[in-house]
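Accompanying notes for the structure given below.
The values are calculated or read from the model by the stated rules, or taken from the named source; none is laboratory data. All values derive from a computational prediction rather than experimental measurement. Heads up, the Cβs are rebuilt from the backbone with ideal geometry, glycines too, and the neighbour counts pull from every protein chain shown. Quick note on the areas: whole protein, heavy atoms, side chains included, nothing else; ligands and nucleic acids left out. Shrake-Rupley method; radii C 1.70, N 1.55, O 1.52, S 1.80 Å.
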Amino acid sequence: GRSNERPGGRPGGGTGQSAGAVEPATPAPYVPNRDPGPAAGAIRTAGPGTIAIGGQESRGLTGNQILPVVQEGQNGIQLCYNQARTRDFVQDLSMRMAIEINPDGSVRNVTLTTEDYVSGELHDCLTSRVRRWRFPRATAASRVVLPFAFHQR
């Protein structure tokens, strides 16, 4: 299979960051057929979630802070899949969704990685729904990688 990765960033090439912003290290990318998949519903956050800025300790969000927002948003993700299943005849779909979260709790960027076909409409539906999620505030940016698997019943 081939990897289909499309960033969900805004056009224009800017990152939306001010100069000098410090981010936690990003996790290594998931490689299908090499890495074992996480347990159902498991989430992976970038590093220990702690970085130092100007002598202060800054913390990104923890899994316990991220999970309730993801659980609340799962119906919207399911709706996108259901629409694609009808419109594009999508069958089973497994993907990883990397979400970059600003310290104010807004979603900065969403990137989908999958070996399955994802139409432009499905990609746009998923990323636009996730961009509306609001996480708790933190003192540092956060990044989380979420596994999603959809199976036709």
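Across all Cα pairs in region 103-153, the calculated P(r) in 10 Å bins from zero up to the longest distance comes to 19, 49, 24, 7, 0 percent per bin. Here the Karplus curve 6.51 cos²θ - 1.76 cosθ + 1.60, taken at θ = phi - 60°, turns the phi angles of region 65-71 into couplings of 7, 7, 3, x, 5, 5, 4 Hz, with x standing for Gly and Pro.
In region 55-153, the ratio of gyration radius to Kirkwood radius, Rg to Rh, stands at 1.02 when only Cα atoms are counted.
For residue 137 and residue 116, what does the FRET efficiency come to when R0 = 30 Å and r is the distance between their Cβ atoms, rounded to the nearest 0.05?
Efficiency at R0 = 30 Å is approximately 0.30.
Peptides 93-106, 115-128 ordered by packing proxy, namely the average of other Cβ atoms within 10 Å per residue, highest first: 93-106, 115-128.
Solvent exposure of region 54-153 amounts to 51 Å² per residue of accessible area, where only protein heavy atoms count and the probe is 1.4 Å.
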